[in-house]
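Structure first, commentary second.
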Amino acid sequence: MTTEIEIKRGLQGVYIDKTQSSFIDGSAGKLLYRGYSIHDLAEKSTFEETVYLLLYEKLPNQKELNDFDALLRANRSIPPEVMQIIKLVKNAHPMDVLRTAVSALAAYDPDVADNSLEATLRKGIRMTAQAPIIVTAHARIKDGKEPLDPNPNLNQAANFLYMLFGKEPTPAEARIMEKDFILHAEHGINASAFAARVAASTISDLHSAIVSGIGTLKGPAHGGAAEEVMQMALDIGEEDNAEQYTRDILERGGRIMGFGHRVYKVEDPRAQHLQVECQTLGEQKGQPKWFRILSKVAEVMEPYASRGICPNVDFWAGSMYHLMGIPKEIFISIFAMGRIPGWTVQVMEQYSDNILLRPLLVYEGPMDVEYVPIDQRK
Ligand code: CMC
């Protein structure tokens, strides 16, 4: 008797478990972290507070927030051996360097083999604090500069910009960065969180899960799109070229980066916040052209909304980073730095009620082929 097998390619529309971390309604463009609207968090919360919410399942009171903030600041260091590794691999893409350095951190983490929820939380907090140290150290080393010590007076977002550029950001710039980190902090079972959960489901450790997440985030179908959107804007060069450029890509059957999403079939609710920042920052910096170029691309793409292809979080992010002077190779690393708390939460949920994530493939190759010794093969 043969039973019909239904293949769910790409696991589209498949629920693999339950979560209490984030809620996404792709048809309404709604995103909640632990029940709180992404819009409220983006506008009213801080990165530290949002990370606390994700990790501890409630908003902190002032003392809890102060203690958590102090804990993050106290964890802003990496072992000298990991700094040496960053120097050795400095010519690689920043995401490859981040992946390598996070992997190396495991060798020096006192909790590495402890998969208890308490230890996983400690490691997640440590890696959240350490990732910006890695990214900024690498950016400076690559430019022939010395890495800087963190500034204990600055929060996560401001300190990242300080360690990257060697000068304190303006409060407005620090706030834009913070908002960006909040918007990227968690997003359910996206591809990188799924990869992290698969690693965790084998009862591997958090460092392995986050390395899996970083490697998966890197691709242009996921976190890599912001870099490609900025490259597109640079290639377009002037607003007048945008319409033709976009139409040419679409006529060739290509994709416009920063558009489309597996879950959102209306505009990604994170995108509007970055759109506003991109416009405001462009005007402040006397460079409104990037916003205008992307607005023109979005205008050409408007008919695609009826097919559920709308701007996603990456569409405006790249030009915003560019206006802040951040090199485009670092854009995905910013996404990764913001997402470490989300990966941590997903791994903790996986550990809490673990089941090995192990789907099936339908085999379509030849069957029962006779093995021919090598000296008898043609
Ligand atoms: N431009 C033009 N057409 C598109 C685009 C796009 N950006 N995205 C999807 N389509 C079309 C695609 O060609 C296909 O058409 P058809 O049915 O005629 O073959 C249809 O829409 C469905 O596409 P799909 O690839 O089957 O859909 P998916 O859910 O597997 O892909 C996606 C989602 C994000 C990979 C895809 O929309 C894409 O490649 N977008 C560009 C890359 C991008 O912006 N990635 C960032 C994602 S958001 C950040 C994050 O959270 O990860």
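Observations on the model:
- Sorting the segments 220-233, 297-310 by their mean number of nearby beta carbons within 10 angstrom, highest to lowest, gives 220-233, 297-310.
- R0 of 30 Å, Cβ-Cβ distance TYR56-LYS30: FRET efficiency to nearest 0.05: 0.80
- The range 309-378 versus the range 1-47: alpha-carbon centroid distance in Å: 17 Å
- Simple spin-label estimate for ASP40 and ASP143 in nanometres, 7 Å along Cα-Cβ: 3.9 nm
- Under a 5 Å amide H cut-off, with hydrogens placed 1.01 Å from N, LYS30 pairs with ASP25 among residues at least 5 apart or on other chains.
- Per-residue [θ]222 nm for the chain (sum of -39500 (n - 2.57) over DSSP H runs n ≥ 4, rounded to 500): -17500 deg cm²/dmol
- Shape of the chain, Cα gyration tensor, a/c cut at 1.5: rounded
- The relative contact order of the range 225-323 comes to 46 percent, based on Cα pairs under 8 Å that sit 6 or more residues apart.
- Whole-Hz Karplus values for the range 288-295 come out as x, 5, 5, 5, 5, 4, 5, 5 Hz, taken residue by residue from phi with 6.51 cos²θ - 1.76 cosθ + 1.60 and θ = phi - 60°; glycine and proline positions read x.
- Across the range 37-45, coupling constants 3J(HN,Hα) worked out from phi with the 6.51/-1.76/1.60 Karplus curve, θ = phi - 60°, read 4, 4, 5, 5, 5, 4, 8, 10, 9 Hz, and Gly and Pro carry x.
- If you take the Cα centroid of the range 63-109 and the Cα centroid of the range 247-268, the two points sit 34 Å apart.
- Which of TYR321, PRO288, GLY308, positive extreme of dipole for the range 225-323 (C-beta unit charges): GLY308
- The range 225-323 shape via C-alpha gyration tensor axes, a/c threshold 1.5: oblate
- The HN-Hα couplings worked out from phi for the range 279-284 by the Karplus form 6.51 cos²θ - 1.76 cosθ + 1.60 (θ = phi - 60°) are 5, 4, 5, x, 5, 4 Hz, whole numbers, x standing for Gly and Pro.
- FRET efficiency for the pair ASP96 and GLU370, taken as 1/(1 + (r/R0)^6) with r the Cβ-Cβ distance and R0 = 35 Å, rounds to 0.25.
- Among the listed pairs LYS30/LYS179; LYS179/LYS265; LYS90/LYS218; LYS87/LYS145; LYS30/LYS289; LYS44/LYS265, those with a Cα-Cα distance over 19 Å are LYS179/LYS265; LYS30/LYS289; LYS44/LYS265.
- Using R0 = 56 Å, the C-beta based FRET efficiency linking ASN241 and ARG175 works out to 0.95.
- Under-5 Å amide H pairs with SER22, H placed in peptide plane, nonlocal only: ARG34, GLY188
- Listed residue (LEU105, THR246, LEU274) projecting farthest to the positive dipole end of the chain, Cβ model: LEU105
- Estimated distance in nm for a label pair at THR280 and LEU11, the labels positioned 7 Å out from Cα along Cα-to-Cβ: 3.7 nm
- Chain lengthening between GLU81 and GLU168 when straightened (0.36 nm per residue, less Cα-Cα): 28.6 nm
- Among the trypsin sites (Lys or Arg not before Pro) in the range 80-185, those placed in a DSSP loop whose Cβ has at most 11 other Cβ atoms within 10 Å are LYS145, LYS167.
Any read-out appearing in this document is the output of simple, stated calculations on the displayed coordinates, not a laboratory observation. Note that the coordinates shown come from a computational prediction; the quantities given were computed from them, not determined experimentally. Cβ coordinates were reconstructed from backbone atoms using ideal geometry, including for glycine residues, and neighbour counts include every protein chain displayed.
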